[in-house]
Amino acid sequence: MAYDFKLIEKKWQAKWNEEKAFQVTEDKNKQKYYVLIEFPYPSGQGLHVGHPRPYVAMDIVSRKKRMEGFNVLFPMGWDAFGLPTENYAIKNKLHPKPVTKDNIVKFKRQLQAFGLSLDWSREVDTTDPEYYKWTQWIFLQLFKNNLAYKKEMAVNWCTSCKCVLANEEVVDNGCERCGSEVVRREKSQWMLKITAYAQKLLDGMENLDFIDRVKTQTANWLGRSVGAEVDFAIKDSENKLRVFTTRPDTLFGATYMVIAPEHPIINNLKDKIENYSEIEAYRNAALKKSDFERSELSNIADKEKTGVEISGIKAVNPVNNQEIPVFVSDYVLISYGTGAIMAVPGHDERDYAFAKTFGLPIIEVVKGGDITEAAFTDTETGILVNSGFLDGLEVDEAKKKITEFLEDKKIGEEKINYKLRDWVFSRQRYWGEPIPIIICDDCGFVALDESELPLLLPDVESYEPTDTGESPLSKITDWVKCKCPKCGKDAERETDTMPQWAGSSWYFLRYCDPDNKDFLASKEKLDYWMPVDWYNGGMEHTTLHLLYSRFWALFLHDIGVMSCPEPYLKRTSHGMILAEDGGKMSKSRPESIVNPDDVIAEYGADTFRLYEMFIGDFEKSTPWATSGMKGCRRFAERVYGLIDIAKGGGVTPELEVKFHRTIKKVTHDIDNLKMNTAIAGLMTLVNDIYDNNSLTIDELKIFLTLLCPFAPHISEELWFLAGGKGLLSLGNWVDYDENKTKENAVEIAVQINGRVRDKIIIEAGLSSQDAINTAKNSEKVKELLNGKTIVKEIAVQDKLVNIVVR
RNA sequence: GCCGGUGUGGCGGAAUUGGCAGACGCCCGGGACUUAAAAUCCCGUGAGGUUCAUCCCUCGUACCGGUUCGAUUCCGGUCACCGGCACCA
């Protein structure tokens with residue numbers, strides 16, 4: 001019988017659907033297992049073959065867990081707000097709503113062709129008012145807890161999208177989405193105080209099973225550093241200049257200070273400053289140039305330092321009362337620490353470069369380097385010198401002692417800083433969740449009453465972005481005008497919308513209870529399903545979505561919405577599938593794109609799934625090769641032919657060990673995302689079966705169980721043909737017997753001086769001495785040992801014997 | 001510059017705690033079947049040497065060095081590529 005994949009795949013997909021095979025409820029008798037994949041943005045282009053890779057992998061995990069008896073939640077939805085759809089709609093004079101709807105239909109059809117064991121009854125759509133009602137609700141809770149605030153600030157402005165971008169969305173000074181130039185603009189923006197959760201976001205990861213590169217990248221992004229803040233007095237003034245430093249131990253080496261051009265003390269001391277116009281000119285120049293100048297230089301550390309000394313002003317080093325000059329320079333950032341630093345040129349590279357340029361004194365306070373050549377920044381080996389009461393101490397001790405000193409004298413204290421900035425949450429665009437805030441002249445920002453949620457996105461005539469940077473919503477005056485919920489006076493609605501990251505920051509919670517009308521999800525259901533047991537997604541989301549959604553989850557835990565704080569127990573990441581030529585598969589190179597619809601039409605979903613997994617190490621990027629599909633297709637054909645070989649029950653003695661080994665291998669490989677080697681193991685077993693030309697029905701069923709997560713349609717069909725009961729997908733996983741994974745006899749290598757000289761077959765588990773004796777009896781070995789002195793004999797059980805001779 | 005990762009045949013990639021490098025598959029070559037082709041099946045396939053052939057030998061996991069009976073694996077150094085960060089005091 002020929003392998004008619006089209007018929008088979010259609011038949012079993014319909015069957016799973018009919019029997020609602022993958023729909024789950026909160027079954028208290030079963031252990032739950034929540035598998036999550038990042039829900040797609042339904043773009044107009046549809047999927048390419050790179051997209052399904054993580055879906056198929058996590059489907060395999062889900063299917064295996066289900067067969068192992070877990071109550072598996074494996075849902076899917078649509079992250080459907082966003083710019084590409086909006087831009088497409090503008091260009092084609094359509095409304096984004098129907099465009100989104102069409103795209104979802106298209107994506108869903110493509111996804112369903114893969115035979116994923118998703119619970120489609122839990123589908124969510126971030127643009128559905130019943131969904132974004134709760135996105136808005138969460139925002140209001142953040143607002144009420146002082147974690148959302150509006151602030152006039154310099155923001156990243158994409159000149160093409162005409163929209164504010166979060167820091168995380170700026171890549172190489174260009175827009176992450178369109179690549180256009182990004183400039184700084186002063187605008188009033190909604191911000192979320194993610195920095196309040198910096199420490200929790202860092203600590204929370206510690207006991208989670210996240211792959212290391214996610215952990216390190218997140219930790220770098222959070223950028224925690226421990227140091228001290230220290231006050232420097234300004235001579236003949238009430239003003240103080242507070243600095244942050246990670247090296248308080250080098251305080252005696254501070255020979256000047258530097259403040260950021262935007263530092264407010266410049267205004268406070270205006271009367272004393274003798275060269276105010278010069279300072280002002282430098283500040284204006286710095287503001288203008290800062291952004292694109294940064295991108296011009298590949299190595300910022302080597303960038304020539306510029307600056308101006310503030311004449312008429314001296315600061316006083318609190319530990320030795322030395323008067324030191326104060327400079328303005330753009331190498332100090334207003335947005336980090338206090339916007340001012342004490343400069344220790346002997347032990348900081350940037351200060352060193354600045355001091356060299358301006359001819360400032362360089363004092364050695366940590367011994368160990370040569371400060372006539374370069375700054376000595378090592379903190380491991382240095383010993384303090386020229387530092388009064390710190391002399392002779394190691395750096396760590398000195399840090400402790402000076403910090404105590406500062407705290408005693410009340411001129412400073414220990415301080416922890418983070419590089420993480422607050423999250424710019426406003427977008428001046430149409431296709432996003434309206435921010436449910438009312439602006440009242442008297443009451444300020446007032447939360448919309450929760451009973452009025454969802455605040456619907458109104459229909460607009462034109463939702464093109466405006467050059468002034470105002471949201472298109474601002475043009476709908478009858479929507480904007482409203483009454484203040486607090487005082488009842490005339491007021492206006494906030495017209496900014498939320499970024500795309502909003503809806504995706506909590507979607508995994510909605511899957512737990514998608515039809516709940518009263519709350520985002522019931523506590524009971526959240527407590528049953530959460531946390532997510534295994535979340536796979538792209539590395540590019542590490543400092544964006546992953547961080548944002550953990551922040552929201554930690555917050556929702558804090559306000560009692562759910563019991564678990566950290567939403568994800570395990571995080572893995574997939575490598576990209578590249579074009580055949582090794583370049584990126586992207587819409588900018590249409591010829592590089594392979595459409596899964598075409599592949600499935602020619603080879604079938606099972607072959608497609610097998611190849612997606614067999615193509616290489618799941619965590620690494622790898623080029624697509626349509627020719628490689630053939631190997632998986634041949635494998636599927638050979639699998640289909642097994643039904644003609646299988647006869648009778650019981651076991652085939654020659655295959656028993658091989659079966660137990662394959663069960664073991666596939667079981668462990670799936671848990672470790674080693675899908676490529678699991679499939680290789682299945683291929684090897686099929687080759688062995690054909691070589692042996694015998695197979696029992698019982699064995700066929702074991703094989704089909706192992707294959708089912710990878711190629712579910714063909715497995716179901718053969719299970720049915722072999723007389724199996726019920727759906728294989730809902731059947732039981734198979735166990736192996738460790739003892740039966742071992743052969744009675746093993747071939748071991750015999751080495752002489754580390755080189756393989758012979759191979760012998762011995763009884764498995766033979767002792768070292770017996771193995772060595774057997775090896776020495778081999779004719780070949782005897783010959784090679786002739787006339788030599790044996791120095792050493794090493795045996796590794798069931799692997800090799802090594803005889804060292806002279 | 002800093003942090004992380006990777007480097008293995010013509011190609012994608014395998015290789016528990018250091019223990020037979022190249023599993024599995026693609027491509028390619030040879031053969032069988034066929035009127036022929038496709039499909040399928042069988043054999044070969046890291047490089048070099050030697051041999052009629054089997055055998056056998058040498059080299060080989062980016063490069064240089066070290067530890068070890070034994071290194072793709074551990075250590076030190078170098079180079080290349082990929083990803084992240086970017087004057088964060």
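The values are calculated or read from the model by the stated rules, or taken from the named source; none is laboratory data. From a predicted model like this one, the values you see are computed outputs, not experimental measurements. Glycine also receives a Cβ, built like all others from the backbone with ideal geometry; neighbour counts cover every protein chain displayed. To get the accessible areas, we keep the full protein, side chains included, count just its heavy atoms, and leave off ligands, DNA and RNA. Shrake-Rupley method; radii C 1.70, N 1.55, O 1.52, S 1.80 Å.
The table for this structure:
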item	result
Candidate set from the range A:221-235 (those that are in a strand (DSSP E or B) and under 31 Å from the mean Cα position of the chain (by Cα)); member that is nearest to RNA strand B (Cβ to nearest atom)	A:225
Subset of the range A:484-500 [open to solvent by 30 Å² or more (accessible area, probe 1.4 Å) and either part of a loop (DSSP other than H, G, I, E, B) or in contact (Cβ under 8 Å) with a residue 24 or more places away in the chain (or both)]	A:485, A:486, A:487, A:488, A:489, A:492, A:493, A:500
Failed item, numbered, when residue A:557 is tested on (1) within 27 Å of residue A:116 (Cα to Cα); (2) surrounded by fewer than 21 Cβ atoms within 10 Å (Cβ to Cβ)	(1)
When residues of the range A:200-215 are limited to those that are within 13 Å of RNA strand B (Cβ to nearest atom) and open to solvent by 80 Å² or more (accessible area, probe 1.4 Å), the one nearest to residue A:267 (Cα to Cα)	A:213
Qualifying residue in the range A:563-576 (condition: among the basic types (Lys, Arg) and assigned to a loop (DSSP other than H, G, I, E, B))	no
Residues being open to solvent by 30 Å² or more (accessible area, probe 1.4 Å), within 21 Å of residue A:310 (Cβ to Cβ) and not aliphatic (A, V, I, L, M) - total across the range A:217-236	2
Positions within the range A:52-68 being more than 17 Å from residue A:568 (Cα to Cα) and either in a strand (DSSP E or B) or open to solvent by less than 10 Å² (accessible area, probe 1.4 Å) (or both), in sequence order	A:52, A:53, A:56, A:57, A:59, A:60, A:63, A:64, A:67
From the options A:598, A:581, residue that is farther than 28 Å from residue A:508 by Cβ, modelled with pLDDT under 95, in a helix (DSSP H, G or I) and open to solvent by 30 Å² or more (accessible area, probe 1.4 Å)	A:598
Failed criterion for residue A:93 (all others in (1) touching a Lys or Arg at 6+ places or on another chain (Cβ under 6 Å); (2) without any contact (Cβ under 8 Å) to a residue 12 or more places away in the chain hold)	(1)
Verdict on residue A:258 being more than 30 Å from residue A:160 (Cα to Cα), among the β-branched types (Val, Ile, Thr) and assigned to a strand (DSSP E or B)	yes
Restricting the range A:333-349 to residues that are more than 6 Å from RNA strand B (Cβ to nearest atom) and open to solvent by 60 Å² or more (accessible area, probe 1.4 Å), the residue that is farthest from the chain's Cα centre (by Cα)	A:349
The lone exception for residue A:115 - which of (1) in a loop (DSSP other than H, G, I, E, B); (2) open to solvent by 10 Å² or more (accessible area, probe 1.4 Å) it fails	(2)
Flag for residue A:81 being of a type outside the set (A, V, I, L, M) and either surrounded by fewer than 24 Cβ atoms within 10 Å (Cβ to Cβ) or more than 26 Å from residue A:735 (Cα to Cα) (or both)	yes
Single condition residue A:239 does not satisfy, out of (1) of a type outside the set (Gly, Ala, Ser); (2) in contact (Cβ under 8 Å) with a residue 60 or more places away in the chain; (3) more than 10 Å from RNA strand B (Cβ to nearest atom); (4) touching a helix residue (DSSP H, G or I) at 6+ places or on another chain (Cβ under 7 Å)	(2)
Selected residue [away from RNA strand B (no atom under 11 Å from the Cβ), open to solvent by 20 Å² or more (accessible area, probe 1.4 Å), modelled with pLDDT under 95 and on the phi < 0 side of the Ramachandran plot] from A:270, A:303, A:289	A:270
Any hit, the range A:611-621, residues being polar (S, T, N, Q) and within 11 Å of RNA strand B (Cβ to nearest atom)	yes
Qualifying positions in the range A:18-51 - within 24 Å of residue A:595 (Cβ to Cβ) and open to solvent by 80 Å² or more (accessible area, probe 1.4 Å)	A:45
Top-ranked residue in the range A:762-806 [being away from RNA strand B (no atom under 13 Å from the Cβ) and under 52 Å from the mean Cα position of the chain (by Cα); ranked as surrounded by the most Cβ atoms within 10 Å (Cβ to Cβ)]	A:766
Tally, over the range A:519-542, of residues that are in a loop (DSSP other than H, G, I, E, B), open to solvent by 20 Å² or more (accessible area, probe 1.4 Å) and farther than 15 Å from residue A:138 by Cβ	3
